[in-house]
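See structure below.
Throughout, read-outs are computed from the coordinates displayed, never taken from laboratory work. Given the structure is predicted, the values throughout are model-derived calculations rather than measurements. All Cβ positions, even for glycine, are placed from backbone atoms using ideal geometry, and neighbour counts span all protein chains on display.
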Amino acid sequence: MDDKTRREHPGMLPINDTQLTRESWKIFQIMAEFVEGFERLARIKPSVSIFGSARTPLDAPEYKLAEDIARALSDAGFSVVSGGGPGIMEAANKGAQAGRSPSIGLNIQLPHEQSGNPYQDIALNFRHFFSRKVMFVKYASAYVVLPGGFGTLDELAEILTLVQTGKTRRIPIILVGTPFWEGLIGWFRTTLVESGTISPEDLDLFQVLDDPKEVVSAIFDYYENRGFEPSAEEREILLEL
C-alpha cells in the first residue's frame, strides 16, 4: 500500500464527532448496569446460577428437572439466578420461588425470544450480554447447566474459560442430562485434548449429574471443608473479573 492510499484509508481519517459522542455516552449506560447489578446482588450469597434453553416447553422433562433442582437448591439455602426468560430459565425461577431463598432473573433485551417470567423476586434488565455475564459469575457458588442452545453453550464456555485461566475462582460446574452432553464431552476428549488445545485435567473442571439431590450434594461436598465465602485471594480475583 502506497503512502497516499494509506493516508486516505477510512481507518486513518478523523472520527465523526457525532458518532464519537454517542459511543462515549454508552459508557454511562454500561456503568449503570454494573452499578445496579453490584448493589442488588451483593447480598444474595450463596447463590447458584442455572442455565438452559429458553425454548424448552412446560411439559418437557427438562423443565420439571430444572424446577426440581432449583427448588432443592432454594430449600438448601441457595439463591437461584437464571436468565429471567422462558423455558429452563422460567423453571429455575419457579422452583426457586417455591423454596426458601430468593429467585433472581438477569433479563436481557433481545429482538425476539426473551420475555421476563413472573417468578422473579429480583429482576434486573440488561442491554449488554457482557455486563450480564459478569453478574452470573461474580456471586455464584456454582453453575448448573441444563440442555440448551448457543446461549447456554456460551455461558458454559465462559465459566470454563474463566476458571481454566484463573480469572475467577474455582467453583462446581455441573452439567445436567448425560445423554444431551455426552457427545460434546466426547468431542472435548477426542478432539480438543488430543489436539492439545486443552489439557486432560481441564475435563475435571466439570461433572455430569442427572438427579437434583446429587446436584445439591455435589455443591455441599465441594465446600464442606472451606465454606461458601471466597477467601481473601479469591476476593481479589473476583474484584478483577
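Of G84, G95, V35, which is farthest towards the positive pole of the chain's charge dipole, taken about the Cα centre with +1 and -1 on the beta-carbons of Lys, Arg and Asp, Glu respectively?
Looking along the dipole axis, the top candidate is V35.
Per-residue ellipticity at 222 nm for the chain, helices alone: DSSP H runs ≥ 4 residues times -39500 (n - 2.57), over residue total, nearest 500 deg cm²/dmol?
-14000 deg cm²/dmol
Given the options K26, K213, K64, which has the most mean-square fluctuation in a GNM of the chain, springs set between C-alpha atoms less than 10 angstrom apart?
Maximum fluctuation in the GNM of the chain, among the listed residues, is at K26.
Among L205, T191, I237, whose Cα projects farthest towards the positive end of the dipole of segment 184-238, with charges put on the beta-carbon of Lys, Arg (+1) and Asp, Glu (-1)?
Selected residue: T191.
Using the Kirkwood radius built from alpha carbon pairs, what does the Stokes-Einstein equation give as D for segment 113-236 at 25 °C and 0.890 mPa s, in µm² per second?
Stokes-Einstein gives a translational diffusion coefficient of 151 µm²/s.
Give me the net charge of E158's neighbourhood, meaning all other residues with Cβ under 13 Å from the Cβ of E158; Lys, Arg count +1, Asp, Glu -1.
Once positives and negatives cancel, what remains is +2.
Measure off 7 Å from each Cα along the Cα-to-Cβ vector at Q29 and E214, then give the distance between these two points in nanometres to one decimal.
4.4
Using only Cα atoms, what Kirkwood radius does segment 130-183 have, in angstroms?
Evaluated over segment 130-183, this radius sits at 11.7 Å.
Using the basic label-point model (7 angstrom from Cα toward the beta carbon), what is the E36 to D202 distance in nanometres?
Here the answer is 3.6 nm between the modelled labels.
Quick one, could you list the DSSP H helices from the chain stretching 30 Å or more along their long axis (Cα atoms) with average Kyte-Doolittle hydropathy of -0.5 or above?
Counting only whole DSSP H runs, the qualifying helices are 17-41.
Rounded if a/c is under 1.5, else prolate if a/b is larger than b/c, else oblate: which is segment 16-135, with a ≥ b ≥ c the root eigenvalues of its Cα gyration tensor?
It comes out oblate by the Cα gyration axes.
Search the structure for amide H atoms under 5 Å from the amide H of I108, placed 1.01 Å from N in the peptide plane, and list their residues when 5 or more places away or on another chain.
Amide H neighbours of I108, under 5 Å, 5+ apart: F126.
Note down the relative contact order for the chain as a percent, whole number, built from C-alpha pairs under 8 angstrom at least six residues apart.
Computed over the chain, the figure is 18 percent.
Rounding to the nearest 20 debye, state how big the charge dipole of segment 64-212 is about its Cα centre with +1 on each Lys and Arg Cβ and -1 on each Asp and Glu Cβ.
In debye, rounded to 20, segment 64-212 gives about 560.
Compute the semi-axes of the equivalent ellipsoid of the chain, taking the square root of 5 times each eigenvalue of the Cα gyration tensor, and list them largest first in whole Å.
They are 34, 23, 19 Å, listed largest first.
Report, ordered by chain and residue number, the lysines lying within cross-link reach of K167, taken as a straight Cα distance under 30 Å and ignoring same-chain residues fewer than 8 apart.
Answer for K167, where 30 Å is the Cα cut-off: K26, K45, K133, K138, K213, listed by chain and number.
If a paramagnetic tag sat 7 Å from the Cα of D75 along the Cα-Cβ line, which residues of segment 202-241 would have the backbone N under 19 Å from that point?
Within reach of a label on D75, which here means backbone N under 19 Å from a point 7 Å along Cα→Cβ, segment 202-241 contributes 210-221.
Can you tally the net charge around P102? Count Lys and Arg as +1, Asp and Glu as -1, for every other residue whose Cβ sits under 10 Å from the Cβ of P102.
+1
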